[in-house]
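The values are calculated or read from the model by the stated rules, or taken from the named source; none is laboratory data. Here the structure is a predicted model, which is why all the values come from computation and not from measurement. Glycine also receives a Cβ, built like all others from the backbone with ideal geometry; neighbour counts cover every protein chain displayed. Accessible surface is based on the protein model in full, side chains and every heavy atom, while ligands, DNA and RNA are left aside. Shrake-Rupley method; radii C 1.70, N 1.55, O 1.52, S 1.80 Å.
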Amino acid sequence: MKQIVDRAMSTHNANVGDIQRLYNYYRGRMDILDRTKEVRPEINNKVVINHAAEITNFKTGFTFGEPVLYVYRGKDTLDDANNKADDESLAALNKLMYKLGKSSKDRELAQWLFICGVAQRITLYEGKELHTYVCDPRCTFTIRANDFTKRVLLSVVYSTDDMIDDITDIPKK
């Protein structure tokens, strides 16, 4: 198992550079900003129009502008009592998703998906509460089965010490 995780980690590390480059592009960090002009360097106009962010934000808003709601696609029985119980259960589920702030997390998940092509979410049951988080794809990857099912075998989320250093370097007021 360790060999599988090591191989997946090396593949993920190779992909992190691409993910970071796409994220930087989305944030407006284009290659032209780093270019040095050799001929007449005093005239060095650099213009960046961030179409990547424009397209990503439009697509995210168009697709996930309204919260995703769970609906029941049909009635299993003709008994109204059972159908009413199903309707109440779905209403409770939608209310729970509203309390979790699922709509904003759906938009964040979609944004990562439209930026770099991968996005992961984790939902944890802690005590009597559900918590859902959107994972940064630069430090998250999933290992899937190599057969026709492609079922998830393992998901990995990691952090590095340099993230902690960035937080501690914030000046205190």
Per residue solvent-accessible surface (Å²) - the range 1-112, probe of 1.4 Å: 79
Accessible surface of the chain [probe 1.4 Å, protein heavy atoms]: carbon and sulfur percent: 56
Out-of-range pairs (alpha-carbon distance over 26 Å; input K46/K105; K95/K150; K59/K105; K59/K84): K46/K105; K95/K150; K59/K84
Relative packing of peptides 147-157, 114-124, 41-51 - highest average C-beta neighbours within 10 Å first: 114-124, 147-157, 41-51
For the chain, the fraction of alpha-carbon pairs in successive 10 Å shells from zero, as %: 8, 21, 28, 24, 11, 5, 2, 1, 0
Lys/Arg +1, Asp/Glu -1 at C-beta; the range 1-120 dipole; positive extreme among T60, N44, Q20: N44
Over the chain: helical MRE at 222 nm, DSSP H runs n ≥ 4 each giving -39500 (n - 2.57), nearest 500: -16000 deg cm²/dmol
For R144, residues with placed amide H under 5 Å, excluding near neighbours: L153
